[in-house]
Amino acid sequence: MQHERVLVLDFGGQYNQLIARRVRDLKVYCDLKPCDMTIEKIREYAPIGIIFTGGPNSVYDADSPHIDRAIFSLGIPVLGICYGCQLIAYTLGGKVEHAKASEYGKRTFSFGEASPLSEGIPETSVCWMSHTDHVTAVPEGFRVLASTESCPVAVFGSEERKIYGVQFHPEVVHSEYGNALLKNFLYRVCGASGDWTMKNYVAEQVAGIRERVGNKKVLCAMSGGVDSAVAATLVHRAVGDNLTCVFVDHGLHRKNEPEEVMSVFRDGLGMNLIKADAQELFLEKLAKVSEPEQKRKVIGAEFINVFEKEAKKIGAVDFLVQGTIYPDVIESGKGKSAVIKSHHNVGGLPSVVDFKEIIEPLRDLFKDEVRRLGTELGLPDSVVWRQPCPGPALAIRIMGEVTREKLETLREADFIFREEIAKAGLDKEIWQYFAVMTDCRTVGVQGDFRTYENVIALRAVTSVDAMTADWAHIPFAVLETVSNRITNEVPHANRIVYDITSKPPATIEWE
Ligand code: XMP
């Protein structure tokens, strides 16, 4: 069964993924595709509606992306946002001009004329503007539907042709009725029925994977992270014991993590889950390694070695499961930027495993959808809402050489921090929070004795995508409890500091 879908054409604006997420939140599946998609491909894709995103260009720039006007004759409804709105006006013979001054921020706009797009939206409300050019005359057969004080055409459209343009950004939360406007476009203009739900997705995927796999063998590397956990659970529901999962216990996990993975997936769900005990091996390989990138390389290589050994024991498999998610798919098509940290992911596995095909059941999903899917599949909050943890885990949270003693101290300190954050009800607000073992020792006094022990740093950040981050303003009372508890309960830690640096200039992890 193919669900209804909307095509979001990407003109390079900063909110493009957000538009796609909003559409899906409104229960309509959509894909974000490059704006140069051909008319044939669009026809083949058969969307119920098309959305043009914003973008940084002016329609008059020599190299700005344009659109084949044939797109407007397909009989498919179109909504243009910001640059997309200007592009519709420009392509269909309206007029676009540079505004006297750029318009950024909240503006009040009024719907002067009723249309399917404005149903249920008050005549006057607040929207979010961010543009320099704007439409000054609409194409023939179109009507101006709304304006602001400085923007003569904030919304325009043609009910008959089902083509609309909005100058502001309905996808951002500052646009009060932005969601209502998008919903009107989807349901009143495109005639959506809203068939994109996680329940349907599970049913579709389970049936599809079952048919594809039949009675063949499937292998999956479980990292303990959300994506691989949800991918494995979905495939397990489809093929049961034909799936074997391997969890590499490298001894660098946070407290209780390996136990939790085994208890949820092997004991709880009855998965065929093998734990490869490799703590000693990783410690040996990491001895005397203190440079962060070197640690990542050693861990990445060893992870593959251990996984390969386990995979060989299982023998030939037909399919390998990977937890690739939609933002990875979109991002992988984009240009290269400087390598700040070489992330160790399971992406390098295919070359060492003898398999025929890859199953990527989360390829179409955004992170929040992966979480909803996990919940739909019955996974506990501790798995579904697990904060992101780097592949090399505690190894890059210990400055300098990784030793068993340092791991033990850090694990306990980190556990206390996590426990107190959860107790304070801050765990879903903060993107990542963890303890760091610095390679600095300071003098302290504990019970009349002089101590010379480690400084533990606490790091907690808020973020939406880990590209930028702010240090979290945790209440002093919580920090105080954490500091007291760590210095009292954890041996070899006599001083606690809180990291108050944003990213940039720092990164989230210390290494
Ligand atoms: P940074 O420290 O670069 O981190 O601000 C951004 C996000 O990436 C995670 N991170 C890693 N993830 N392998 C991973 O799988 C790594 O080597 C690695 N280093 C950083 C980090 O936890 C944050 O979420």
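The values are calculated or read from the model by the stated rules, or taken from the named source; none is laboratory data. Remember, predicted model here, so these are calculated numbers, not experimental data. Ideal geometry is used to build each Cβ from the backbone, glycine not excepted, and the neighbour counts take in all protein chains shown. Heavy atoms of the whole protein, side chains included, go into the accessibility calculation; ligands, DNA and RNA do not. Shrake-Rupley method; radii C 1.70, N 1.55, O 1.52, S 1.80 Å.
Among DSSP beta bridges lying fully in the chain, give the percent that are antiparallel, nearest 5.
Roughly 50 percent of the beta bridges in the chain run antiparallel, per DSSP.
Keeping the other protein chains in place, figure out the carbon and sulfur percent of the accessible area of the chain, with a 1.4 Å probe.
Exposed carbon and sulfur together represent 50 percent of the surface.
So, with +1 on the Cβ of K and R and -1 on the Cβ of D and E, and no other charges, what is the size of the charge dipole of region 198-384 about its Cα centre, to the nearest 20 debye?
300
How far is the Cα center of region 428-445 from the Cα center of region 230-307, in Å?
One Cα centre to the other: 25 Å.
Note down the accessible area of Ser502, probe 1.4 Å, to the nearest 10 Å².
Approximately 40 Å² for this residue.
Describe numerically, in nm with one decimal, the distance between label points set 7 Å from Cα along Cα→Cβ at Leu74 and at Tyr60.
3.0
Report the net charge of residues surrounding Ser263, where surrounding means a beta-carbon distance below 12 angstrom and charges are Lys +1, Arg +1, Asp -1, Glu -1.
-2
Kindly sort Ser193, Ser102, Ser118 by accessible area of their heavy atoms, largest first, with the probe set to 1.4 Å.
Values: Ser193 85, Ser102 55, Ser118 15 Å².
Listed by decreasing accessible area, they come as Ser193, Ser102, Ser118.
Ranked by accessible surface with a 1.4 Å probe, highest first, in what order do Tyr177, Tyr104, Tyr60, Tyr326 come? Kindly include the intermediate steps, with their values, before the conclusion.
Details: Tyr177 85, Tyr104 145, Tyr60 120, Tyr326 15 Å².
Largest accessible area first, the list is Tyr104, Tyr60, Tyr177, Tyr326.
Using 0.36 nm times the number of residues separating Glu159 and Gln2, minus their current alpha carbon distance, what extension gain do you get?
Gain on stretching Glu159 to Gln2: 53.8 nm.
Considering only DSSP beta bridges with both partners in region 398-498, what is the antiparallel share in %, to the nearest 5?
Taking every DSSP beta bridge within region 398-498, about 70 percent pair in antiparallel fashion.
Identify the trypsin sites (Lys or Arg not before Pro) of region 112-189 meeting these criteria: DSSP loop state and at most 16 other C-beta atoms within 10 Å of the C-beta.
Hits after loop and neighbour filter: Arg161.
For the pair Asn179 and Ser102, how long in nm is the line joining their label points, each one 7 Å along Cα→Cβ?
2.9
Between Ile500 and Ser110, what is the spin-label point distance in nm, taking each point 7 Å from the Cα along the Cα→C-beta axis?
It works out to 4.8 nm between the two label points.
At 1.4 Å probe size, with every protein chain present, just tell me what the per residue accessible area of the chain comes to in Å².
Roughly 46 Å² per residue, with all protein chains present.
Would you give the gap between the C-alpha center of region 163-217 and the C-alpha center of region 375-427, rounded to a whole Å?
Centre-to-centre (Cα) distance: 33 Å.
Across region 58-66, in residue order, what do the Karplus-derived ³J(HN,Hα) couplings come to in whole Hz, using 6.51 cos²θ - 1.76 cosθ + 1.60 with θ = phi - 60° and x for Gly and Pro?
Each residue's phi maps through the Karplus curve to give 10, 4, 8, 4, 4, 10, 6, x, 10 Hz.
Which order do peptides 215-221, 80-86, 19-25, 272-278 fall in by mean Cβ count within 10 Å, highest first?
Per-residue mean Cβ counts within 10 Å order the peptides as 80-86, 19-25, 215-221, 272-278.
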